[in-house]
Amino acid sequence: MATLEALLHDRLAPAFEAVAGARVDPSLRRSQHADFQADAALALAKRLGRPPREIAADVLGSARLDGLVATAEVSGPGFINLTLADDALGPLLGAMSRDERLGVPRVEAPETVLVDYSAPNVAKEMHVGHLRSTVIGDAAVRVLDWLGHRVLRANHLGDWGTPFGMLIEHLADEGESGAAGELSLGDLNAFYQAARAKFDTDETFRERSRSRVVALQSGDPGTRHMWRLLVDESERHFLVLYDLLGVRLTDGDFRGESFYNDMLAPVVAELDRLGLLRVSEGAQVVYPAGFTGRGGEPLPLIVRKSDGGFGYPATDLAAIRFRTAELGATRLLYVVGLPQSQHFAMVFEVAREAGWLTPPARAEHVGFGSILGPDGKLFRSRAGDTVKLGALLDEAIARAAALIAEKSPDLDPETSAAVARDVGIGALKYADLSNDRTRDYVFDWDRMISFEGDTGPYLQYARARILSIFRRGGVTPPHDLAAIPVTAPPERALAIELLGFTGVVAEVGESLEFHRLAGYLFRLATVFTAFYERCPVLRAEGSVRESRLALCDLTARVLGRGLTLLGIGTPDRM
RNA sequence: GCGCUCGUAGCUCAGCGGAUAGAGCAGCUGCCUUCUAAGCAGUUGGUCGCAGGUUCGAAUCCUGCCGAGCGCGCCA
């Protein structure tokens, strides 16, 4: 379904072209002074050597606006203010209401998009540092999937490397059954720390750990078996959290670093064959174009360390080659913290130079900022250590439960618990996704779960209220109206906001700036509650009641769809 | 030293070259015999870090400075 901007564009573009003698973007946007405004006349003034107001007037003189625009006038220095015709809104809303997809078309050219996100480390519990990647990546998966792309989820587990020598050796010391018991209790951190402590203090243990790494890499069956046990226990722990978080990651999405082991040597060999490989201080490196170090000298990407081991750049390169060549992905998304932006820029550049990332295939670092505590420093527990993700989610749910018990004591225990989960987790996710992804944000329990203002619960509540109207009235809102007539100002404002959904979703599918979708939903909820205050629904009669019911229904569906795209639960009552 | 990001209301944040810079929270005034007050209406509050520049027009683009954070070869 065409957006209002697109419809206006189609009417104004020919007029601008006629006046300017060339194609001109009318430069449409929402306006405080009217429904929309077109700003292009101002930019044309210099080129045409005419006053902008005069250009704007000429454009309006030749534009065919009938049936869409009620009033159009030149304003200020040369803006064109446009007010939509009520008659034009009704049929558009009707079409949106009849469409299961709410007017959002599937993309014309679906791509295979791979989303690399979450990526916790085996033998370590997930912590607050994994929250953003998991939540943002999940939103990306949901939006792109709904837009019609083929989406591949990739959970790039940290399941390999030198630490595993020490972990496996510790497992061997503890005895498999004993350690398995410890691990299944979910105390991965204690296991890791015990191994770490021995590694730091015990020279012979350190030596055994090193040879254990060699055994692991050479495929020693006993060692591999213990490694597998660690991975399995860790994956079990991750899946519990993913389920609690309500993200779509499954056990089928785990594809850790170890998966690429056999591809590392060929990748380096290929770089060598292509003439990209150099040797520096015993390490095998590539110097991607455009990167310089401290003294202006070329900056190397170390693909093979001087001791013969492969670094993570080699794994990342192997993954790119695999994802484009074997999986056929054309859009690779890396939902990883912003501090790694230079690393990814270099890896992507090398991949391009090696021919593993050629158009239309491309990679994007979907970077994000850090979560900060109230003191403006990295978010940590009061004791100063990292906050476990499990504890964080539990607290979110507990805080929500306390408030629900207070505000809605009538809910039965089961519903109450389910709502607490949706609200607590939703609040947490909304706080994250409503902020510009690329910036740090301050984590504040009281703000996100106070349930006032721009929060997840406010949006959930707005939707629940609408469903409550239907329940109260014992009505099923109409889904088949040819048009949903709007006349009252709150109805019009709501209508225009509703019709903006298509554009926002399409834009977010490209930019992956989820705070724009969050902001849209908040505006929609705000406009709706204004409508709700001023326009009685059940007490209205005849066609007015019908159209208001339809507006309520559309709003509930858009809020529901929008929240779902963000991965936020949609309780029907609160 | 080099590079990246960021300085917007008391606090937390929007604002992707356009009109008097917006929102939430906090503060102040009102509104629950009427569809959920987790709400609504109104109101107070800003030299957009500073200085130049580009432009008809700059919070937005460029340069410099000040301040904060992060990253800069064999950890991932």
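Taking all protein chains into account, the per residue accessible area for the range A:456-566 stands at 38 Å² (1.4 Å probe).
Packing, taken as the mean count of other beta carbons within 10 Å per residue, orders the peptides A:15-22, A:518-525 from highest to lowest as A:518-525, A:15-22.
Around the Cα centre of chain A, unit charges on the Cβ atoms of Lys, Arg, Asp and Glu (plus for the first two, minus for the last two) sum to a dipole of about 1040 debye.
Quick check: residue separation of A:R573 and A:A85 times 0.36 nm, minus the Cα distance between them. What number comes out in nm?
172.1 nm
The relative contact order of the range A:4-84, computed from alpha carbon pairs under 8 Å that lie at least 6 residues apart in sequence, is 30 percent. For chain A, give the percent of accessible area contributed by carbon and sulfur heavy atoms, probe 1.4 Å, rounded to a whole number. Here carbon and sulfur together make up 50 percent of the probe-accessible area. Hey, can you list the DSSP H helices of chain A whose Cα span along the axis is 24 Å or longer and whose average Kyte-Doolittle score is at least 0.5? Span-like helices in chain A: A:389-407.
The base-10 log of I(q)/I(0) for chain A, evaluated at q = 0.08, 0.11 Å⁻¹, reads -0.69, -1.12 [Debye formula, identical scatterers on Cα atoms, solvent excluded]. Cα-based radius of gyration for the range A:456-566, normalised by 2.2 N^0.38 Å, reads 1.05. Rounded to the nearest 10 square angstrom, A:K388 shows an accessible area of 80 square angstrom against a 1.4 Å probe. Once C-alpha pairs closer than 8 Å and six or more residues apart are averaged by separation and normalised to the residue number of chain A, the relative contact order reads 16 percent. The residues of the range A:39-144 present an accessible area of 39 Å² per residue when probed at 1.4 Å with all protein chains retained. Across all C-alpha atoms in the range A:4-84, the radius of gyration and Dmax reach 11.1, 33 Å.
Helix-derived [θ] at 222 nm for chain A: sum -39500 (n - 2.57) over DSSP H runs of at least 4, divide by residue count, nearest 500?
When only DSSP H runs of four or more count, the value is -17500 deg cm²/dmol.
Take A:T358: with every protein chain present and a 1.4 Å probe, its accessible area is about 70 Å². Restricted to Cα atoms, the range A:1-146 shows a radius of gyration and a Dmax of 22.1, 71 angstrom. Contact order for the range A:397-556, expressed relative to its length and based on alpha carbon pairs under 8 Å spaced 6+ residues apart, stands at 26 percent. Here's the list of lysines a cross-link from A:K124 could span, going by alpha-carbon distance under 21 Å and ignoring same-chain residues fewer than 8 apart: A:K198, A:K388.
Once the 1.4 Å probe is applied to the protein heavy atoms, the range A:389-435 comes out at 43 Å² accessible per residue.
The values are calculated or read from the model by the stated rules, or taken from the named source; none is laboratory data. Being a predicted model, the structure only gives us computed values, none of them experimental. For neighbour counting, all protein chains shown are included, and Cβ atoms are generated from backbone atoms with ideal geometry for every residue, glycine included. Ligands, DNA and RNA are excluded from the accessible area calculation, which covers all protein heavy atoms including side chains. Shrake-Rupley method; radii C 1.70, N 1.55, O 1.52, S 1.80 Å.
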